[in-house]
1. Taking the Cα-to-Cβ direction at residue 38 and at residue 199 and moving 7 Å from each Cα, how far apart do the two end points lie in nm?
2. Over all directions, what mean area does the Cα convex hull of the chain project, stated in square nanometres?
3. Where both partners of a DSSP beta bridge lie in the chain, what percent of those bridges are antiparallel, to the nearest 5?
4. Testing the spin-label approximation: label points 7 Å from Cα along Cα→Cβ at residue 128 and residue 16. State their distance in nm.
5. Need the full-extension length gain, residue 99 to residue 144, defined as separation in residues times 0.36 nm minus the C-alpha distance. One decimal, nm.
6. So how tilted is helix 147-159 from the main axis of the chain? Cα-based, degrees 0 to 90, rounded to 10.
7. Between residue 191 and residue 26, what is the label-to-label distance in nm when each label sits 7 Å out along the Cα-to-Cβ direction?
8. How much FRET efficiency would the formula 1/(1 + (r/R0)^6) give for residue 52 and residue 163, where r is the Cβ-Cβ distance and R0 is 45 Å, rounded to 0.05?
């Protein structure tokens, strides 16, 4: 699989939605790509997505939903589709913030890519050179940060791994990031959440450079 393809449905968070959609179309040229790009995604848009999703395909088809505002009713109408997609159908949700999505959506789709430019907190840690000493220092330095600071730092780690260090995250790593976002909404110790992330990168052969 090329690093320009996606093996699963998921969420892309970016502050440049239009540019990201154009990039996805360029990257996925060998597949059929259907784009639903609107300022406000409403129930009529959801109905169109559902209709398109059930048009049978012999090869992979990507349905891109790109929007700044995602109507809750329309999100709920797509839940079953995201949970049990038709054969060969992949969904890519392109949004400015994960907060526009319902928790039920976020629990079904992992974050596949995060590109927020200058909005992302800079993280001075190299995922290609992780060792126990680096991880311990990071956890120690950030053990008393607030929940909001932890969220910013988590986004920074994702950006660092995927953009700066140019890593293609495997399924386990993506799931760990997604689980970490959910755990930050609970009372789980911050250091334990970040340890979960680092563990997915330090297990032998779990990450490969693109």
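1. So the two model labels end up 4.2 nm from each other.
2. 11.6 nm²
3. Of all bridge pairs located within the chain, approximately 10 percent are antiparallel.
4. For the pair residue 128/residue 16, the computed spacing is 2.2 nm.
5. Fully extending the segment from residue 99 to residue 144 adds 13.8 nm.
6. Tilt relative to the chain: about 70 degrees.
7. 4.5 nm
8. Efficiency, rounded to the nearest 0.05: 0.90.
Values quoted throughout were computed directly from the atomic coordinates according to the rules given, and no laboratory measurement underlies them. What you see is a predicted model; the values in this text were computed from it and never measured. Using ideal geometry, Cβ is built from the backbone for each residue, glycine included, and neighbour counts are taken over all protein chains shown.
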